[in-house]
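Structure first, commentary second.
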Amino acid sequence: MLEFDARCRIGGFELDAAFRTGAGVTALFGRSGAGKSTVLNLIAGLVRPDSGRIAVDKRVLYDSAGGIALAPHARHVGYVFQEGRLLPHLTVRQNLLYGRFFNGMKSEAVGLPQVVELLGIGHLLERRPGALSGGEKQRVAIGRALLANPEVLLLDEPLASLDAPRKAEILYYIERLRDEVHIPIVYVSHSLDEVVRLADSMVLMSEGRVLGTGAVREMMSRVELRPYLGRHEGGAVIEARVAGQDLQSGLARLEFEGGAFEIPDVEALPGERVRIRVRARDVSLALARPSGLSIRNILAGTVVELGADEGSSLDVRLDLQGTALLARITRKSALELGLRPGLPVYALIKAVSIDRRSVGYA
């Protein structure tokens, strides 16, 4: 459990934020300047709050009332920045072992052989950072942080400086880290694709304040938060099971509570669980089940809530027999359809609107 409650002023920026998170990956999400990196720096001890309390598993890192302010090296926090920040004169092996320097005499939760295998960097051990790609540097930086035996791992937009192929590479290894190394991870990002793929919970921030916290699935379906998630990025996250793959058509059938999807190019085997991100802008509504369409996904549901957004469009929250879904339609369409809470409708979703970036392992 990470408990964070802190206030501070840095120049003209004020942060007043509080949240609690448990095991797994917690995403700090928000636009640039929301205060996400400041929160990480406060946890790591690189910036000191004006007041508040920060604790990891009841071990207090900072408490203004109790006069506690542990030094950064005493906090047992692993920190990975946007750039790897490796020591250029050392080999990869030496950079990794440098992390042990901060381990003290503690027993290792994860050792060098496990880190090397987990991150796929065995062939890089004798190279120097100058001979590594951006993705390789980040994998080594993550390994170095793990070998410091941290009680919490902080990742500050580790994909921000990478191109698309390198991002996909690192995402795979962070997924392995999430699933195989059981320490809390706080992951800063302004990419919902990354959040949906990696995170268990989300802390949504804006202008130094916390707007909401909760499971990613629940946060994504809250219509009042849509303005802060990005006008074209909001939607729902649905956990599903791969029921089958049709190799001839290239479509996979994904079953979830309340229905099933057909979508293309799912890199998962039958029986595996995945997360699907469905953007609200990709969902249309009908009062009767249509026929003669190319759309593969037609799902029965009920209107739960209509958003109060101003302008020409609004979000409609649906219940698909226990699963939440958002649709973004024009106000004129909502009026003509007579949408209201409790009204049965059909959600229409094109299979090709759910691409590889919208699917991650649960």
Original post:
What is the extension gain from residue 246 to residue 176, computed as 0.36 nm multiplied by their sequence separation minus the C-alpha to C-alpha distance, in nm to one decimal?
Top reply: 22.5 nm
Original post:
Out of 189, 249, 313, whose Cα points farthest toward the positive end of the dipole of the chain (charges: +1 Lys, Arg; -1 Asp, Glu; placed on Cβ)?
Top reply: 189
Subject >> Gaussian network model of the chain, Cα within-10 Å springs - most flexible of 96, 326, 247 >> reply: 247
Original post:
Once the piece of chain linking residue 100 and residue 59 is laid out straight, how much longer is it, given 0.36 nm per residue of separation minus the C-alpha distance between them?
Top reply: 12.6 nm
Original post:
Between residue 355 and residue 302, what is the label-to-label distance in nm when each label sits 7 Å out along the Cα-to-Cβ direction?
Top reply: 3.6 nm
Subject >> Calculated FRET value between residue 239 and residue 117, using beta carbons and R₀ = 22 Å, to 0.05 >> reply: 0.20
Original post:
residue 321 to residue 160: FRET efficiency via 1/(1 + (r/R0)^6), r the Cβ-Cβ distance, R0 41 Å, to the nearest 0.05?
Top reply: 0.60
Original post:
residue 294 to residue 337: FRET efficiency via 1/(1 + (r/R0)^6), r the Cβ-Cβ distance, R0 25 Å, to the nearest 0.05?
Top reply: 0.70
**OP:** Can you tell me how much longer the chain between residue 85 and residue 126 gets when fully stretched, taken as 0.36 nm per residue apart minus their C-alpha distance, in nm with one decimal?
**Re:** 13.0 nm
**OP:** Mind giving me the nanometre distance, one decimal, between the label points for residue 286 and residue 1, set 7 Å out from Cα along Cα→Cβ?
**Re:** 5.0 nm
Original post:
For the peptides 271-277, 218-224, what is the packing order when you average, over each peptide's residues, the other Cβ atoms within 10 Å and list the highest mean first?
Top reply: 218-224, 271-277
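Here, each number is a calculation from the coordinates, and none is a lab measurement. Predicted, not measured: the structure shown is a model, and the values here were computed from it. Counting neighbours? That spans all protein chains shown, and the Cβs are built from the backbone with ideal geometry, glycine included.
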